[in-house]
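Notes follow the structure.
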Amino acid sequence: MAISPIQLQIKELEEKSKTLDKIISVAKTSGGRISPDGKNLIYILRSANVPKSDIAKILDVTPSALTKYE
């Protein structure tokens, strides 16, 4: 049985979600604070001109929480 295009898209999104979960687990402590690796990630993303609002969405924090890491 062939896999439909929607099923393929769902599978791709699930894989991306797993990757994002791994990034978040490294970037934040269990208490929800930004880890040293998270600070490095913020620096790299800001250096690549990723907007602070997008980084905040990725890390599930407010944009103002990122201000101290600039």
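For Gly38, only one of the following conditions fails: (1) assigned to a loop (DSSP other than H, G, I, E, B); (2) open to solvent by less than 90 Å² (accessible area, probe 1.4 Å); (3) not hydrophobic (A, V, I, L, M, F, W, C). What is its number?
Going through the list (1) assigned to a loop (DSSP other than H, G, I, E, B); (2) open to solvent by less than 90 Å² (accessible area, probe 1.4 Å); (3) not hydrophobic (A, V, I, L, M, F, W, C), Gly38 breaks only (1).
Take the residues in the stretch 1-16 that are not in a helix (DSSP H, G or I) and not small (Gly, Ala, Ser); name whichever of them is least open to solvent (accessible area, probe 1.4 Å). Show your work before the answer.
Initial filter on the stretch 1-16 (not in a helix (DSSP H, G or I)): 1-4.
Add one more test, that the residue is not small (Gly, Ala, Ser), and what stays is 1, 3.
On the way: Met1: 232, Ile3: 107 Å².
Ranking the qualifying residues of the stretch 1-16, first place goes to Ile3.
Applying the selection to the stretch 13-69, what residues are among the β-branched types (Val, Ile, Thr) and in contact with a strand residue (DSSP E or B) (Cβ under 9 Å, 6 or more places away or on another chain)? Break it down stepwise before answering.
We begin by selecting, within the stretch 13-69, every residue among the β-branched types (Val, Ile, Thr); these are 19, 23-24, 26, 29, 34, 42, 44, 50, 55, 58, 61-62, 67.
Across the stretch 13-69, the qualifying residues are Ile34, Ile42, Val61.
The values are calculated or read from the model by the stated rules, or taken from the named source; none is laboratory data. Computed from a predicted model, the values in this text were never measured in an experiment. Because the Cβ atoms are built from the backbone with ideal geometry, glycine has one as well, and the counts that use them run over all protein chains shown. All accessible areas refer to the heavy atoms of the entire protein, side chains included, with ligands and DNA or RNA removed. Shrake-Rupley method; radii C 1.70, N 1.55, O 1.52, S 1.80 Å.
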